[in-house]
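The values are calculated or read from the model by the stated rules, or taken from the named source; none is laboratory data. All of these numbers come straight from a predicted model, not from anything done at the bench. Note: ideal-geometry Cβ built from the backbone for every residue, glycine included; neighbour counts use all protein chains shown. The accessibility values were calculated without ligands, DNA or RNA, using every heavy atom of the protein model including side chains. Shrake-Rupley method; radii C 1.70, N 1.55, O 1.52, S 1.80 Å.
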Amino acid sequence: MPQIQMKEPQEKHIVSRKPLQNSVNQQKPLLETFKNCSVCLEDTKKRVRKRRGRGKGKVVPYNDFENLKEIEVVHHQLQPLVSSKGLTFHRRPGYGQAGTKCMVKANHFLAELSATDLIHYHVLITPEPAVSSQRLNRNIMAQLVKLYRESDLGMRLPAYDGMNSLYTAGLLPFTSKEFRITLVNEDSRIARNREFKVVIKFVARADLYHLRQFLAGKVADAPQEALQVLDIVLREMPSQRYMPIGRSFYSPEIRKPQRLGDGLQSWRGFYQSLRPTQMGLSLNIDMSSASFMEPLPVIEFVAQILGKDILTRPFSVADRIKVKKALRGVKVEVTHRENVRRKYRVAGLTSQPTRELIFPLDEQMNMKSVVEYFQEMYGYTIQHSHLPCLQVGNQKKANYLPMEACKIVEGQRYTKRLNDKQITSFLKFTCQRPRDQENDILQTVHQNGYGKDAYAKEFGISVSDTLASVEARVLPAPWLKYHDTGKEKDCLPQVGQWNMINKKMINGSSVNHWACINFSQGTQESTVRGFCQELAKACQVSGMEFNRDPVIPTYSAKPDQVEKALRYVYNAAMCKLKGKELDLLIAILPDNNGSLYGDLKRICETDLGLISQCCLTKYVVKISKQYLANVSLKINVKMGGRNTVLLDALRWKIPLVSDIPTIIFGADVTHPETGEDSSPSIAAVVASQDWPEVTKYAGLVCAQAHRQELIQDLFKTWQDPERGTISGGMVRELLISFRKATGQKPLRIIFYRDGVSEGQFYQVLLYELEAIRKACASLEPNYQPPVTFVVVQKRHHTRLFANNHKDRSSIDKSGNILPGTVVDTKICHPAEFDFYLCSHAGVQGTSRPAHYHVLWDENNFSADEIQSLTNNLCYTYARCTRSVSIVPPAYYAHLAAFRARFYMEPEEQENSTTRSMQSSGSCVRELPALKEKVKKVMFYC
């Protein structure tokens, strides 16, 4: 089919730039920056002058890294990153001006501070509880304050963090003092009251002057201790009223809990955090939800998770295993002893039914049955003796409780994975329209009553009760280019979306040899064949070349025969094609397919080198044109095509991308679910492989130590007995791949890093920027293209609301702010280069803007340039015709990392001999390598 010609355009736009600089030395003069370069200074001046005018972006043809001598940006010697002490993040270069100005509201509440003295004391409680308990510590300190506030504490009302730190607004009358506190024991297991010794000792004054200088943007480093003190003060009252979990507070009183099924319920709560912003200290309040164990009688809980009447039906071995797994570690309270509600933690389940259980009554080993014991001791007749007992306490001393005499204790957080039905119920409960969420936030602030908060008053903190009003801008959507043979050659998205009607993919790929496997046993072969024909037709309409006939007839297989079926089809096709490989495998999967999808992807991508497209039975049986159009978009990029590109990219008009060869990276690390203690974390890095289009991304993945956030394999070296020191790593490999794909050496790097919390900024930047530099230097001496390192955050709690929910021109169909809305004032960092961008249209619920933090910038992006680039890239996501919520390279890295979790060997193969690597002191099994054919395309889409 005809392809768009990527000929040299007549007009290219180059933006005037300032000299390159980095964050360590902001004002380094241009000549000094380039003084170590091999290119003469005079030539450098000419090049800089040339960039200031309008001219063509320079294309540098070369065959390998060593041969490149003439370059537009001279590679300068960058200062090494050795520690965080001398490192400051990039300062804000100014504020953005592009876009249509508007006002939005943010869930930030101004917190003003009048106190001048914050004092830190250390708290030591002895004896320490066997299990560390903030709740117990808080009870001890609450009793201390109650007894001694008016005397020894000099009328001070201290704030306590639940561990070792106590804070006061002014000095206490002593520097060190010991107190004796008696707690009345509510647990009848221990008859006597408990006594504790509490020692309070002066540590230091918190520096509020430094805090005020920081908020004014006059100093770079945040006074973490002062911020932490004030945050603890504002958390003191909610901690007494609600259940604190992380930075959120939960209570069944905030809103009636919602049943999720299988013994779980969802509680409503709120998130609270004090943040430094341009407007001053800001209290960020957001609604949150979490799943909890429902406080049911244990028998009812067991009936729910087994989905059957356990009072009349027998209890199987499989039932026992499932119940044991669900109840292990759960707290229960007994109900057979009138007013005594002793609490226990479940350790397991007995293998015998209650009626068969006996235990030693004393040291003489006089045995008694559980049924007899409960009858004689408590006058309680066990009704359901066919059920097993709960085993509580430790394994050495058996302690049996009948299920019917126990109830699950209220307020136990459930941290395991929810099933699909529970997720659906949870989302239904938590999903709120923007106006409703805004009202709930305001109601929460009102209920919390910060104006009446005794601790806030003590420390001189006043909190506004109105949402912050913030100036925002709506950036325009970019024009998108489609193929010239379509009726519509280009397109301007409307409110973050468009469609493929009358359009053809700008670079349609070819599928000449394909086959289909049907794993859906209830689906007729004729139905599958008809679906494949419709899919081929949809791909052709979209601009692809797609052979209507498969290489071999549709092959039907059982889901548990996935490897056998894949190898059969692969070999049969190879035989038919006389050694040529399949271009594409279409797989029809059952709607509920367990591990089938993951197994298929693992075998195809790491063993056979096949590109596959999976389709669920429900979409095969009931064919939808929209579904076929979406699948065709995925197939095209998996086959190496492009769906659309930014029109400005083809016109060489993207500032700091179009002028010189630029590579855009995306990186993410996904961690195993809570409760998995040994599974590795998976890191993924993708990088653009086309310039100037920056639309195609190749991806690489690796396993690393459990919960390790720093990406270990960005750059690595190892010793080879014959070749000596060998360099490798994901960044190095992707730089080489870019050169092979474009014929250009990347002269600028833009690195979008997803999944990093604020507490890890320094660590990640130091380690990963250094790895990027080493990867570059390993390719050629002095090869150091300037790097811009941007962290992308979605797990934050800032929400933006329309200033007027009734103004239809300022909201989308879901009631959310318009796509392209960007904020870089007032609620952003006092001095660092960050911004919030809502790049997508809402579908349901309240949109969450992405938070971008430019930690390092050697390319001197202005605010408008990085914000517009990021927003425009969000329209190039390959899998749909909508702008997405985070920049596509970060999104792709997340998809690739998620896919790679399927590559880990199944549990039954754990003992097989495989390579392993040493990472952070622990042995991590390497992932099987991606096949060359796979890693070159967007296989993860």
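Tabulated data for the structure shown
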read-out: Degrees, to the nearest 10: 420-430 long Cα axis against longest axis of the chain; value: 90
read-out: When each of 564/794; 638/813; 774/931; 105/457; 101/481 is checked by Cα-Cα distance, pairs over 30 Å; value: 564/794; 638/813
read-out: For a label point 7 Å along the Cα-to-beta-carbon line of residue 736, residues of region 714-728 with backbone N under 14 Å; value: 715-718, 725-728
read-out: Principal-axis tilt of helix 434-448 within the chain, Cα atoms, nearest 10 degrees; value: 40
read-out: Tail fraction, Cα-Cα pairs, region 639-720, threshold 15 Å, whole percent; value: 67
read-out: Sequence ranges 152-161, 592-601, 659-668, ranked by mean other-Cβ count within 10 angstrom, highest first; value: 659-668, 152-161, 592-601
read-out: Solvent-accessible surface (1.4 angstrom probe) belonging to residue 210, in square angstrom, nearest 10; value: 40
read-out: Gain upon complete extension [residue 126, residue 726; 0.36 nm per residue less C-alpha separation]; value: 210.5 nm
read-out: Most to least packed among 779-792, 848-861 [average Cβ atoms within 10 Å]; value: 848-861, 779-792
read-out: Cβ-based net charge around residue 681, under 11 Å, with every Lys or Arg adding one and every Asp or Glu removing one; value: -1
read-out: Cubic angstrom per residue, convex hull over Cα atoms of region 298-409; value: 102
read-out: Residues residue 256 and residue 563, FRET efficiency given R0 of 45 Å [Cβ-Cβ distance, rounded to 0.05]; value: 0.35
read-out: Compactness of region 524-623, expressed as Rg and Dmax over alpha-carbon positions, Å; value: 13.5, 36
read-out: Kirkwood estimate for the chain, i.e. one over the average of 1/r between Cα atoms, Å; value: 31.8
read-out: Nonlocal amide H pairs with residue 255, under 5 Å, H built at 1.01 Å; value: 268
read-out: Whole-Hz couplings from phi, Karplus 6.51/-1.76/1.60, listed for region 251-267; x for Gly and Pro; value: 6, x, 7, 5, 8, 4, x, 10, 5, 9, x, 6, x, 10, 9, 9, 9
read-out: Net lengthening on full extension, residue 88/residue 340 (0.36 nm per residue, minus Cα-Cα); value: 84.8 nm
read-out: Degrees between helix 134-148 axis and first principal axis of the chain (Cα, 0 to 90, nearest 10); value: 60
read-out: Proximal charge balance of residue 471 [Cβ under 9 Å; K/R count +1, D/E count -1]; value: +3
read-out: Helix-derived mean residue ellipticity, 222 nm - over the chain, DSSP H n ≥ 4, -39500 (n - 2.57), to 500; value: -7500 deg cm²/dmol
read-out: Among 261-270, 573-582, the order from most to least packed when residues are scored by Cβ within 10 Å on average; value: 261-270, 573-582
read-out: Fully extended contour minus Cα-Cα distance, from residue 197 to residue 492, at 0.36 nm per residue; value: 99.2 nm
read-out: FRET E, pair residue 204, residue 177, Förster distance 22 Å, beta-carbon r, rounded to 0.05; value: 0.80
read-out: Rough spin-label spacing in nm, given labels placed 7 Å along Cα→Cβ, for residue 378 and residue 358; value: 2.2
read-out: Cβ-Cβ FRET estimate between residue 780 and residue 933, R0 fixed at 30 Å, reported to 0.05; value: 0.60
read-out: Å² per residue, accessible surface of the chain at 1.4 Å; value: 45
read-out: Dimensions (Å) - region 384-517, Cα atoms, principal axes, largest first; value: 78, 62, 26
read-out: Equivalent ellipsoid semi-axes, region 262-333, via Cα gyration tensor eigenvalues times 5, rooted, Å; value: 42, 11, 9
